[in-house]
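The values are calculated or read from the model by the stated rules, or taken from the named source; none is laboratory data. This structure is a prediction, so every number in the text was calculated from the model and none was measured. Cβ placement follows ideal geometry from the backbone for every residue including glycine, while neighbour counts extend to all protein chains displayed. These area figures cover heavy atoms from the full protein model, side chains too; ligands, DNA and RNA do not enter into them. Shrake-Rupley method; radii C 1.70, N 1.55, O 1.52, S 1.80 Å.
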Amino acid sequence: MTHTNRYRDSDRTSPLVQNVSRRGFFHQTATGIHGAALSYLLGKESLGADSRSLYDLKPRAPHTGPKAEAVIQLFMQGGPSQMDLLDPKPVLSKNHGQSYYDEVIADLTGPEQAGTIFRSPFQFQPHGQSGIEVSELLPRLAEVVDDITVIRSMHTTHPNHEPAVFKFQSGRMIPGLPTLGSWVVYGLGSENQNLPAFVVLADPDARFPVNGVQNWHSGLLPPVYQGTPLRSQGSPLLNLKRETAPPIDVAKLERTLLKDLDNIHKRDRPGDLQLDARIASYQLAARMQLTATDALDLSHESKHTLAMYGIDKKQTDPFARRCLMARRLIEKGVRFVQICTERQIWDNHSKIVSNLTDCCARTDQPVAALLKDLKQRGLLEKTLVIWGGEFGRMPIAQIPDKTDISTAGRDHNPRGFTVWMAGGGCKGGTIYGATDELGYRAVEKRVSIADWHATILYALGLSHDKLVFETAGLEEKLTSVFPAQVLHELFA
């Protein structure tokens, strides 16, 4: 699927041919250099079914047969601790208190606070028919562990949040590039033209994750593919409705006039991607006035469903609402939904016993409920759910107060961490890859960010090598810089 960012204004007539008939125009330009140039341009415009406008979100065919049709990304920003959640390491207990400083010093963000090997304060037990070991902090996820595929061998490049988040979301450690969600909707469009194709459900108090809107940026892709943040409390978008609605005939006349004025303005400014995106966003906003409010109205849900997610419970309610809204949006045909936690709650440099317990208490029940809900509605098999943060944590303690072990946390670890996937054809109840005996390095079936991205695209029927956008003479891809392989073993 290769497209250029050249603007195509097929409806506009050039002043050079205004007085020439269609037959006469082709007769005059059929030979010589003009004919060669015209043949090239027409060839670019007639690539078969793949020829389309770059500026709409109409559904598009994948490259191959998809296993999933939509994605819900549970973005656990900050770096969840793998050895305390889904990657138990008994050797940590055996070597608790021993020095490991020299082996990890290159990755420490706070070397002056480095402690010794730190056993997990939490107990693990096998669950489900698969017998996957899960921390006591995730009792609800343990109930659905047979539906998830645990990848224990992720690794990345940088130990600091900002560059690691850029890479996690867009494949490279620099700002201004398209994110995973933008690439997905660029490749597939959306099944619902009355809602954004890529929706972001961030913290209701607008405490965005690190890098802010760059987590759902469209980068060098046309801006129409950027994520749209919707509010999980109150009106989905501010100022979505007028205070006083005009008569139906007046409103219809207004929309027709605005459309005509937009087309005139757009015709006189060919190639202005920002203008195209702005007009498209206004048109979408008009269509969203009823659709978005209805899609996110949880009053339509049963009491049983609300209780299953943990809505109206103080600790779980904010994240639970976003998870339930994600299910409703996927049901309505939205292609990609990103749910963010409150900034970086998983960044547990200190007091990991209390802080990690709190993170899990906020998210465990809603996440497990989302998987159960999708499954019972027949949506899980065609929805890919992905969970994880930009890196993991260290096997040693980070102790702000070395006289009090209860203050211990863990520093950032880019060399080995855990993510999981569910639905979308994934083999549930399986583990892929492994870290070393202390959980520091990915050593078996190592998975890079590029591999992970390529695998997500594959589940949606998109080839990471074919999903290309040409700009400034370069072919840009989500996996442009780093070699990537699809993890076929993850799928049934």
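For the range 306-373, which whole-number percentage of the solvent-accessible area (1.4 Å probe, protein heavy atoms only) is attributable to carbon and sulfur atoms? Carbon and sulfur atoms account for 48 percent of the accessible area of the range 306-373. For the range 132-213, the solvent-accessible area with a 1.4 angstrom probe is 29 square angstrom per residue. Take every pair of alpha-carbon atoms less than 8 Å apart whose residues are at least six positions apart; their mean separation over the length of the range 126-230 yields a relative contact order of 24 percent.
For THR471, the residues whose modelled amide H falls within less than 5 Å of its own, excluding neighbours fewer than 5 places apart on the same chain, are GLU476. Packing-based ranking of 299-312, 424-437, 326-339, 74-87 yields 74-87, 326-339, 424-437, 299-312, ordered from highest to lowest mean Cβ neighbour count within 10 Å.
At a probe radius of 1.4 angstrom, the accessible area of the range 361-492 per residue rounds to 34 square angstrom.
With the highest mean first, a sort of the peptides 450-461, 100-111 on other beta-carbon atoms found within 10 angstrom per residue produces 450-461, 100-111. Put simply, when 349-359, 471-481 are sorted by average Cβ atoms within 10 angstrom per residue, most first, you get 349-359, 471-481. Determine the shape class of the range 420-492: with a ≥ b ≥ c the square roots of the Cα gyration tensor eigenvalues, call it rounded for a/c under 1.5, and otherwise prolate if a/b is greater than b/c, oblate otherwise. Note, shape of the range 420-492 comes out oblate. With K and R counted +1 and D and E -1, the other residues having a Cβ less than 15 Å from that of VAL486 yield a net charge of +3. When a/c is below 1.5 the answer is rounded, else prolate if a/b is larger than b/c, else oblate, so apply that to the range 349-446 with a ≥ b ≥ c taken from the square roots of the Cα gyration tensor eigenvalues. Note, shape of the range 349-446 comes out oblate. A cut-off under 14 angstrom between Cβ atoms defines the neighbours of ILE405, and their net charge, with Lys, Arg +1 and Asp, Glu -1, is +2.
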